[in-house]
Structures are given as structure tokens and as C-alpha cells.
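Here's the structure, in C-alpha cells; my notes come after.
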Amino acid sequence: MRGLELLSPSHPPEVRDHPELAELRVQINQQWPSLPPPLPLEWTETPLVSIDSSGVPWVIAPAERDPLRTTRGATVIPRNQRASLKRIDKLGVPFQRIAIAHELDPEGPVRHLLPELNQGPRTCTDADARTLVGDVPPHPGVLRAVQALDVMVCGGTTVVPARVWARLLDPIVFGIIAPTPPPQHGQLCLRYPLVAWRW
């Protein structure tokens, strides 16, 4: 999955080799070997803006504070990924929280924060996270129809507004397991990447 470097900052050895996390990781791996390797990261109750090692900016937040939640409070996840999450849920892994990370367009609203983010991650408000992430992308079926119509009508030269052709970005959904549940703000936890997709 792209972007996992973001979410894997370099911790000093005493943090990377945290004995409780190491033991928890072994226990989870023995019981659910199909899970991908987790990332040892601090839990955050607020949206966090960061840059990964390749220079790509991201916003990560608890699922209930996801910047792309609808007005009804639903998290926007494509059908295939929802099906994958349901299959993972049936495994009975004791995830205590869910977090969602969104790749940001470095040419978008985050551009003015990049110099500051090069110094390290920073928290932001829910409103700032929504501004940085932008609107919920159009349904993939609608986008494909617009693309097909654009090619038929314009022969490949686009007249579709830039907002429709906005850069496609990656979200990643993580399952969180703390050594002493529930995860506390700033507590080092295991963060399992569960699903990702490209809008």
C-alpha cells in the first residue's frame, strides 16, 4: 500500500522495540496470520497532517472524525472495500478503533503548510482537515460515464472541468489495537492497514 511510510515515522529504538507492542504483535500474528504487518504508531484523537518519506502529504484521523464523512455521519468507502472490511470483521480481530488516512494533493490547500510539515506532523481541526481533503469524489460510475462521454464528444481533448479531473488520491483504513485498551491519545499502538483504494 502506498503511503505507509507516512504513517511510519522513525522512532528511537526504545520505541520501535516496545516490549508490550512486540508481544501483542506476536499474539495477533499467531491468531490472525492473514493480517498485514502492523505499524507501531501513536494514537491520535485529532486529525493529524503529515508528510511521508517521499514527500506526499496526508491527513489521518479517527474514523468518527474522518473529513469525508457525509452529513449523515457515514464514512464514504467504495463497495469492494466495504466487502473486504466485512470479511475482516468476521475474523473477530479485536480492533479497538479505526483510523482513516487521506493522501493530499501537494498542489492543493496543503501547499502553504508544507514548509511547516517538513519539521514534523501537526494536528488540525476537523474543519481544516475537510478543507485539506476536499469534497467527496464523484461516484466511480459517474466518473467513468463522464470520461467516456468526454472521449466520444471531444476525441480525447477534454472540456471537462478541472474539478472532475482532480488528481485521484489514496485513502487507507487502519484497524487500531492498543496494548492496554482503549487507545489513549499519544499511546503507542499497532495500526493494521486493512483496505486502500484509489478514487
**Complete:** Taking the range 178-191 and the residues there that are more than 20 Å from H102 (Cα to Cα) and of a type in the set (A, V, I, L, M, F, W, C), the one that is modelled with the lowest pLDDT would be L188
**Prompt:** Is there a residue being among the β-branched types (V, I, T), modelled with pLDDT of 90 or more and in a helix (DSSP H, G or I) anywhere in the range 2-22?
**Reply:** no
**Request:** Specify which of the listed residues (G108, G156, G175) is at pLDDT 90 or above, over 19 Å from I51 (Cα atoms), of a type outside the set (F, W, Y) and touching a helix residue (DSSP H, G or I) at 6+ places or on another chain (Cβ under 9 Å).
**Result:** G175
**Message:** So if I check each of I28, I51, which one is at pLDDT 90 or above and out of contact with any helix residue (DSSP H, G or I) (no Cβ under 6 Å at 6 or more places or on another chain)?
**Reply:** I28
**Prompt:** Can you find a residue in the range 159-168 that is within 24 Å of R79 (Cβ to Cβ), in contact with a His (Cβ under 9 Å, 6 or more places away or on another chain), at pLDDT below 90 and assigned to a loop (DSSP other than H, G, I, E, B)?
**Reply:** no
**Message:** Here is a check on your reading of the model: is A148 out of contact with any Lys or Arg (no Cβ under 6 Å at 6 or more places or on another chain) and at pLDDT 95 or above?
**Reply:** no
**Prompt:** Where residues in the range 17-68 are small (G, A, S) and in contact (Cβ under 8 Å) with a residue 60 or more places away in the chain, which of them is surrounded by the most Cβ atoms within 10 Å (Cβ to Cβ)?
**Reply:** A61
**Asked** Taking G92, is it modelled with pLDDT of 95 or more, small (G, A, S), assigned to a loop (DSSP other than H, G, I, E, B) and over 14 Å from P193 (Cα atoms)?
**Response** yes
**Asked** Say we look at the range 50-89 and pick out the residues that are under 21 Å from L132 (Cα atoms) and assigned to a helix (DSSP H, G or I); which of these is nearest to the chain's Cα centre (by Cα)?
**Response** A63
**Prompt:** When you scan the range 33-49, how many residues do you find that are assigned to a loop (DSSP other than H, G, I, E, B) and closer than 23 Å to P67 by Cα?
**Reply:** 5
**Message:** Looking only at the range 96-136, filter to residues that are of a type in the set (S, T, N, Q), surrounded by fewer than 13 Cβ atoms within 10 Å (Cβ to Cβ) and touching a residue at least 60 places away in the same chain (Cβ under 8 Å); which one of those is farthest from F174 (Cα to Cα)?
**Reply:** N118
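The values are calculated or read from the model by the stated rules, or taken from the named source; none is laboratory data. Since we're looking at a predicted model, the values are computed, not measured. Cβ atoms come from the backbone with ideal geometry, glycine included; neighbour counts cover every protein chain shown.
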